[in-house]
Amino acid sequence: MSMDTALSAPHPLLSVRGLRVAFDGKTVVHGLDLDIAPGEKLALVGESGSGKTISALSLLRLVPDAELAGQARFAAPEAGAPARDLLQLPEREMRGIRGAEIAMIFQEPMTALNPVYTVGDQIAEVLELHEGLPAREA
């Protein structure tokens, strides 16, 4: 997608403003702003420990005990769907968004996968939770 197309999109797919992430009052992400247009790809690039992973995980509210502030407005790709603030949605709605509308590809399988379970079991769990498939079908 060209920059002109991204800039002329009616609204971003995801618009993050002032994302702050803290733990026990210590801020680790200081006011991240970004927009992602439909069809656009975004790479978070930076030094190890600069907050790339914690920012992405926080947008999906996958960081236990994180204190989040700011706004992360997500507009589903369907035409006319209202934007929702990911940082304010109830957990039940977030579970419906994770995997179905927004997904994350983790960089390191040794930390993303649980070695106690088979890969198949972990994939099946996602299909059961997000697609409502029975265990046998998943």
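The values are calculated or read from the model by the stated rules, or taken from the named source; none is laboratory data. It should be emphasised that the depicted structure is a prediction, and the values quoted were computed from it without experimental measurement. Cβ: placed from backbone, ideal geometry, glycine included. Neighbour counts: every protein chain shown. For the accessible areas, the whole protein counts, side chains as well, though only heavy atoms, and no ligand, DNA or RNA atoms are used. Shrake-Rupley method; radii C 1.70, N 1.55, O 1.52, S 1.80 Å.
For the reader, a short list of remarks on this structure follows.
- Excluding ligands, DNA and RNA, the accessible surface per residue across the chain is 69 Å² with a 1.4 Å probe.
- Using only side-chain charges placed at the Cβ, +1 for Lys and Arg and -1 for Asp and Glu, the dipole size of the chain relative to its Cα centre rounds to 240 debye.
- Given [x] 7.6; [y] 10.3; [z] 8.5, the label whose value is mean projected area of the Cα convex hull in nm² derived from this model: [y]
- With every protein chain in place, the chain: carbon and sulfur % of accessible area (1.4 Å): 56 percent
- Toward the positive end of the charge dipole of the chain, with +1 on the Cβ of Lys and Arg and -1 on the Cβ of Asp and Glu, the farthest Cα among G96, G31, H11 is that of G31.
- Charged neighbours of I123, selected by a Cβ distance under 15 Å, balance to -3 (K, R count +1; D, E count -1).
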